[in-house]
Amino acid sequence: MEREAMEYDVVIVGAGPSGLSAAIRLMQQAAAAAKEISVCVVEKGSEVGAHILSGAVFEPRALNELLPDWQQQGAPLTTPVTHDDIYLFKDANSARKLPNLLVPKTMHNSGNYIVSAANLCRWLAEQAEALGVEIFPGFAASELILEDNVVKGIVIGDMGLDREGKPKDSFTPGMELRAKYTLFAEGCRGHLGKQLIQHFQLDTDKSPQHYAIGFKEIWDVPAEQHHAGLVVHSAGWPLTDASGGGYLYHAEGQQVVLGLIVDLNYSNPYLNPFEEFQRYKQHPIISQYLQNGKRVAYGARAIAKGGLNSLPKMTFNGGMLLGCNAGTLNFAKIKGNHTAMKSGMLAAEVVAEALLAGDEGGKDLTAYATHFTNSWLYDELYRSRNFGAAIHKFGTFWGGAYNTLDQNLFGGKLPFTLKDQTPDYAMLKPASSAQAISYPKPDNKLSFDRLSSVYLSNTNHEEEQPCHLKLKDSSVPITVNLAKFAEPAQRYCPAGVYEIIEEQDKGPRLQINAQNCIHCKTCDIKDPSQNITWVTPEGGGGPNYPNM
């Protein structure tokens, strides 16, 4: 197919914290040298921020470096953290509040802010555009332009295809965006990032990436239950069959944001992360803030939490992986926004240096590795390298004890490295050797069902388009996953996308409700047969988060 093409010095895929920080830094470097660098950012969400979901307690370290006058420029950081409460939930009704000595110091949040990461990205986009960056929301990067083993840019997905992939009357072919360098900032388990890691073997000799699924809701609560700046974290119940933890942050405007993070290395195929989140809200420590409140938003997103041990080589011929697409989140802090921003800034400095010296593009900018290793980002990830592996190996209690010792007494510099070499999907045990889990019905006050939750995510896809959840083998869900694992896709998906339908005289079949998909990527990660591949739907589809 003949496609129109546009050319830039740099194309950035994804308008999240890393991509926008890279764009801003590129323009700053160009201005400092009194030269021009053309930069384009493409974003699959209907607007910047539409697909951004994060807790989020925000550490401003990278922002201080990128835009030191952010306060004067009106950055949406208005709620400083005033207090940390950290609990060990023993069961559904009891909890122990942990003293500071028993908590890793990485969990303390003095100097940080409770923010909407989506609104922060909207503000960063304004700063980028003011510097001359072109931002195109509603356009999904669907394919790599790979020529002679060099990334030359990306192809924007075609619009107006029917379910069989045939053009409708509204068909518009996607455009090629060509660049000297392409930076991939798609977020966790990026569709193109996954291809790049495989093609260039960027994860050779690395531990497999590890993931969690993170849920988030926003509630309007009565004034007497709201304490702006209060941060509440928890470990333990309800996660008896998985590791992870809960959070509840008192944001501005009489709102609380809360969620549960469930590590995806769990072994019981009957575990339902969404239902675990519904149970979490019933605990008295959490419900005291939600009673008589109103739930106004819901979402979920996978989190890359393997840290330094799982970090792939981030450069290749013609481009780089940035932020959570590579896995720069610091799980010891449960924070990835500041590390993503710093990775984008470092990448921009290396790319700008090359371009301003007359580089025509297409190289593997290996100088990035030196910049990265010499940065506070590497130091931070190095100090937390054992955090996730300790919990995976020793469990929540003893892993937490190890991490407290490691972080508080040794600053994360004990002279050995723990590694977890088993991929999350390979941890599931057969349903025949697992205990089924009975979850309570939603009370529609604190707990809810998946479909009413997806409604609050404002998710929408054009129904007459190809399904973006691809099965390598359509027989596997029934012959393997249902037979051996009771088809866990029915439970691990937070949006009810996957259903087993019993048909009279035909037996069971897997139904994929792709229009419900909130782009969390959990299916691509946790499917025990690695039979599901998430690809980009039409641009603008998916959730439309207002301020997640």
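Using a probe of 1.4 angstrom and keeping all protein chains present, the accessible surface of the stretch 336-376 works out to 35 square angstrom per residue. Here the accessible area of the chain is 50 percent carbon and sulfur, with a 1.4 angstrom probe and all protein chains present. For the stretch 1-117, the extents of the C-alpha atoms along the principal axes are 63, 39, 23 Å, listed from largest to smallest. For the stretch 243-303, a Kirkwood radius taken over Cα pairs fed into Stokes-Einstein (37 °C, viscosity 0.692 mPa s) yields D = 254 µm²/s. Which translational diffusion coefficient, to the nearest whole µm²/s, is obtained for the stretch 81-213 from the Stokes-Einstein equation, given a Kirkwood hydrodynamic radius over C-alpha pairs, 4 °C and 1.567 mPa s? Answer, rounded: 65 µm²/s. For the chain, the share of DSSP beta bridges that are antiparallel, to the nearest 5, is 70%. Evaluating kT/(6 pi eta Rh) at 25 °C and 0.890 mPa s, with the Kirkwood radius of the stretch 432-548 over Cα pairs in the Stokes-Einstein relation, gives 157 µm² s⁻¹. Sorting the segments 498-511, 373-386 by their mean number of nearby beta carbons within 10 angstrom, highest to lowest, gives 373-386, 498-511.
Note on the chain: semi-axes of the ellipsoid equivalent to its C-alpha gyration tensor, largest first and rounded to whole Å, are 34, 29, 23. Working note: Karplus 6.51/-1.76/1.60 with θ = phi - 60° gives the stretch 254-264 the couplings 6, 10, 10, 10, 8, x, 10, 10, 10, 4, 8 Hz, where Gly and Pro are set to x.
Remark: the stretch 299-454 projects, on average over all directions, an area of 13.7 nm² (convex hull of Cα atoms).
The Cα-based radius of gyration and maximum Cα-Cα distance (Dmax) for the stretch 362-472 are 22.0, 58 Å. With the convex hull of its Cα atoms as the shape, the stretch 103-159 has an orientation-averaged projected area of 8.1 nm². 5 Å is the cut-off here: which amide hydrogens, built 1.01 Å from N in the peptide plane, fall below it relative to ILE135, excluding neighbours closer than 5 in sequence? Placed amide hydrogens put VAL41 under 5 Å from ILE135. Taken over the alpha carbons of the stretch 334-407 as equal point scatterers, the Debye sum produces base-10 log I(q)/I(0) values at 0.12, 0.17, 0.24, 0.25 Å⁻¹ of -0.49, -0.73, -1.04, -1.08.
Roughly how many Å is it from the Cα centre of the stretch 461-513 to that of the stretch 219-296, as a whole number? So the separation of the two Cα centres works out to 29 Å.
Each principal axis of the stretch 504-548 carries a Cα extent, and these read 46, 24, 19 Å when sorted largest first.
Remark: the stretch 420-428, residue by residue, has Karplus-estimated 3J(HN,Hα) of 10, 9, 9, x, 4, 5, 7, 7, 5 Hz, where x stands for each Gly or Pro and the curve is 6.51 cos²θ - 1.76 cosθ + 1.60 at θ = phi - 60°. Sorting the segments 467-476, 188-197, 320-329, 414-423 by their residues' average number of neighbouring beta-carbon atoms within 10 angstrom, most packed first, yields 320-329, 188-197, 467-476, 414-423.
Take the convex hull of the alpha carbons in the stretch 167-267; its mean projected area over all directions comes to 13.0 nm². The listed peptides 133-143, 426-436, ordered by packing as a protection proxy, come out as 133-143, 426-436 (highest mean of other Cβ atoms within 10 Å first).
The values are calculated or read from the model by the stated rules, or taken from the named source; none is laboratory data. As the structure is a computational prediction, the values presented were derived from the model and not from experiment. Backbone-built Cβ (ideal geometry, glycine too); neighbour counts: all protein chains shown. These accessible areas exclude ligands, DNA and RNA; they are computed on the full protein's heavy atoms, side chains included. Shrake-Rupley method; radii C 1.70, N 1.55, O 1.52, S 1.80 Å.
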